[in-house]
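Working notes, structure below.
The values are calculated or read from the model by the stated rules, or taken from the named source; none is laboratory data. It should be emphasised that the depicted structure is a prediction, and the values quoted were computed from it without experimental measurement. Here the Cβ positions follow ideal geometry from the backbone for every residue, glycine too, while neighbour counts run over all protein chains shown. To get the accessible areas, we keep the full protein, side chains included, count just its heavy atoms, and leave off ligands, DNA and RNA. Shrake-Rupley method; radii C 1.70, N 1.55, O 1.52, S 1.80 Å.
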Amino acid sequence: MTGALAEKTGISRLRSRHTGVDLDLLPGAFNRTPTDIPERPPRRAILGDLIAVAGRVRDGAATDLRQEAEFGHLFYWAPVFLGSGAACWFVLNITPAFAPLLLICVVSSIAWLFLGPWRPGARSVALAAGLLTSGALLAAFQTMRSETIILDGAVTTTVRGIVTGKEIDASGRWRYEIRLLETEKPLLRRPPLKIRVTALGRGDDLLLGDGIEGRARLSPPSGPALPGLNDFAFDAYYDGTGAFGFFYGKPGAWLVPEALRPPASLVTQTFAMLESLRGHISARIRLVLPGDTGAFAASMVTDDRRAMSKETAEALRLSGLAHIIAISGLNMALAAGLFFVGLRFALSLSQSISHHWPVKKIAAAGALVTVTLYYLISGFAVSAERAYIMMAIMLVAVFFGRPSISLRNVALSAIAILLLSPSAVMGPGFQMSYAATLALVAGYAAWLGRARFTPPTSGIPILKRLMPAWHFMAGIFMTSLIGGFSTALYSIEHFHRIAAWGLPANLLAMPVISFIVMPAGLVALILMPFGLDWLPLVVMGWGLDIVISVAKWAASLGGDWVVGRIPPWLFVGMTIGLLILAIMRSKLRYLGAGLSAGLLLAYVVSPQPSMPSLVVFEDGSLAGIVGEKGIAISEGRPSAFITEQWQRALRVKSLIKPEKIKSKEPGNRTKKHHRLTDEEIKKGRIGIRNTLADVAENRFACREKHWCVARMSQGWTIVIAINGGYTGIACDIADIVITPARLKWDTCRSGALLFTGETLRRSGSVELHARVRDNEAPTMQIVGALDGQSRAWTQHRRYDWRTGTFADLK
């Protein structure tokens, strides 16, 4: 065979590129004696081959990078580095010094300018460093601008202020946004500037700009329910909201003294007018479309979402249709697209206009006006702002003859948002929106560059007429598929779950939204000033009823898949891989696919982190023992807001309620914080000891408003002193003591582990992990959600209202 090969090719010897050894292809070349066989190549030769391969890979990568630069694709990485710099600034425990960041930014910018194109590698490094530090500086500037005062602790006080916003919920209760001017009984030393308070009593609402007064319970925004979960104080800080709460009863009108009323600037008056218009539109929609249908319609038009019932909102979430509720890219794109196509079609009916006027640009201008008005009545939500900027840039691109759907426009919109509000990069809205947009734009480019395929049935007249409908449904399918896959990572990171039936639900609902709901809603808004909006609103309601039915059907099939927390390295690594895959156009994009697949495989095969044995919420009012059967909680009616986060993050389905102690000992008082007598303390000691001896393992037993006890499988005993007066007894009896009382002391003389309202206020919610070694007693590892953090949005946790000072970070 080798002789035939030699005769056919004319080659008698072939040199191996791996070993450098000549191989004979003539007959008999493989019939040598053992002494004729060449020796094994030295390791140095193999190493040389590997170096040569690495060099070729490097040269190929450099060629691909030059190709990306020639096509301008490297510009698309500018918002990535800006956002990464801002994100790094936000996630640090301590605020970075401003001067070093500014120095690095200036030096990097100067180096980028003077290096020139003959040093592309060094110039790229300088540009990346400049963009990263610029993102960090933007985050620092936004924090300086915000200066939000967050309430340091829960308090009941009389509040007086001016109504700057309001919305109604499904129960008919009004939630007011108030500019706080006065507090009384007690007088707050650090009053927030803006608060959001719900009126529990029903009745006529107050108008925007009216003074409001009432007795209210105010609380600061909650921190993470577990380490690694969302810190709601972060969002509240950059939104300018310092406290949340509720009125005791219905608030009353307050005559604002002229000395306290802020000056009415043009901007303030404009915002008040727009907010009033938004309220009137929402009320008109709910008047024509009562119930959840009207609430759904109002949420899509004015972003007024609170009027929707919890059942319908949960069905939309479980079915993967919750993105329709918020005014986001989908709503803006449909509004702009419908107006653009409609106006362009109407103008093209006239040959004179279509031949003498730029119809496409006129239609783009009309669509831009439409989305601008849409944004003005949307309540200026973050999602609406992001969608408006993105859509405005795409429509402006039409004026200059540039393609509207391109990665360049996506990059420009991301840069604009990061310049205005860099904190948005930390939120799920920004991440999911741009993940979906990047994936869809990249998929659109791949679709345009695909090889054209003509089906053999295309010549049949009936099927030919059905092809447009087929293409539309195929487009809906691919859009839902790409959007679902691209946002799954961020849904898991922030919500620890993904919709199980999101794809079929979107396939059924999106044609209804595109062809019935949004066109009817757009017509209704146009006709509303003339009082002719009834019929289009009814048609819109029909479509929304169909969408709600689809959502409830999909939710009944099994809801969502709970994934739990994922490690940071997986989230960051897969984000980088997806960015490379979506942005690059050369062979380098396969590197992103390989990186994402490799990290996902490593996560699947690597051992999962251990579950915590005990979790404690940051105010000390709720604790949970995590076991195989579920989470044993210490309250019979816990806050679903907290327990649902625990269940999703820890992938635990069931909650085990505490056993109630029916005995009335000690005493028959019902207040949590009454001062205990000596007799009550004595009886409490006996009751706690006896209950600890009888309670089942990994379950709480509680005396309502007094104490709770539990025994863990690791052998540790827990006592929760609901009334802080039992803390001393608990320290003498238990291994772990928890109390919501903000005590001056934070250690037990017995050596027991003590969590008080004050220590938890600084550390945030905590997890206790049991570390077991061979033939040794288990040890505790404590992880706090905010351990070591000292940032602007956590500063209120260190404030002492008694002294008016901030405690040092421990």
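Points to keep in mind about this one:
- Volume per residue of the C-alpha convex hull in the stretch 178-284, rounded to whole Å³: 153
- Cysteines without a disulfide-compatible neighbour (Cβ-Cβ under 4.7 Å), the chain: C88, C105
- Length added when fully stretched, S354-V783, from 0.36 nm per residue minus Cα-Cα: 147.7 nm
- For the pair L481 and K653, a Förster radius of 35 Å applied to the C-beta separation gives a FRET efficiency near 0.75, rounded to the nearest 0.05.
- E147 versus E704: modelled label distance in nm, points set 7 Å from Cα along the beta carbon direction: 4.9
- With a Förster radius of 56 Å applied to the beta-carbon distance between W553 and D678, the computed FRET efficiency rounds to 0.35.
- Apolar share of the accessible surface for the chain: 63 percent from carbon plus sulfur atoms, 1.4 Å probe.
- By accessible area with a 1.4 Å probe, ligands and nucleic acids excluded, highest first: order of H494, H355: H355, H494
- Once both labels are positioned 7 Å from their Cα atoms along Cα-to-Cβ, the gap between L103 and R119 label points is 2.0 nm.
- Computed accessible area, F755, all protein chains, 1.4 angstrom probe, square angstrom: 10
- Å² of accessible area per residue within the chain, as computed with a 1.4 Å probe and no ligands counted: 53
- Estimated inter-spin distance, L255 and R689, nm [label 7 Å along Cα→Cβ]: 6.5
- For the stretch 669-810, Kirkwood radius (reciprocal of mean inverse C-alpha pair distance, Å): 16.5
- Neighbours of K360, meaning other residues whose beta-carbon lies under 14 angstrom from its beta-carbon, give a summed charge of +3 when Lys and Arg score +1 and Asp and Glu score -1.
- Semi-axes of the equivalent ellipsoid for the stretch 144-233, computed as √(5λ) from the eigenvalues of its C-alpha gyration tensor and ordered from largest down, come to 23, 18, 13 Å.
- Distance between the stretch 260-322 and the stretch 554-607 - C-alpha centres, whole angstrom: 35
- Considering helices alone, the calculated mean residue ellipticity of the chain at 222 nm is -16500 deg cm²/dmol, with DSSP H runs of length four and up weighted by -39500 (n - 2.57) and normalised per residue.
- M390 accessible area, 1.4 Å probe, all protein chains in place, Å² to nearest 10: 20
- In plain terms, the chain from W470 to T805 could stretch by 113.8 nm, reckoned as 0.36 nm per residue minus the Cα-Cα distance.
- With R₀ set to 25 Å, the beta-carbon distance separating A446 from V341 gives a calculated FRET efficiency near 0.55.
- Summed residue charge, Cβ within 9 Å of G245's Cβ, Lys/Arg positive, Asp/Glu negative: +2
- Rolling a 1.4 Å probe over the protein chains gives D800 an accessible area of about 50 Å².
- Proportion of all alpha-carbon pairs of the chain beyond 33 Å (%): 64
- The stretch 519-593: Cα Rg divided by the 2.2 N^0.38 Å rule of thumb: 1.97
- Environment charge of V396, counting only residues whose C-beta is closer than 15 Å and scoring Lys/Arg +1, Asp/Glu -1: +4
- In a fully extended conformation the segment linking T158 and S639 would gain 170.6 nm over its present Cα-Cα distance, using 0.36 nm per residue.
- Cross-link check: pairs K185/K657; K250/K310; K660/K682; K166/K250; K310/K653 evaluated at a Cα-Cα cut-off of 26 Å; pairs beyond the cut-off: K185/K657.
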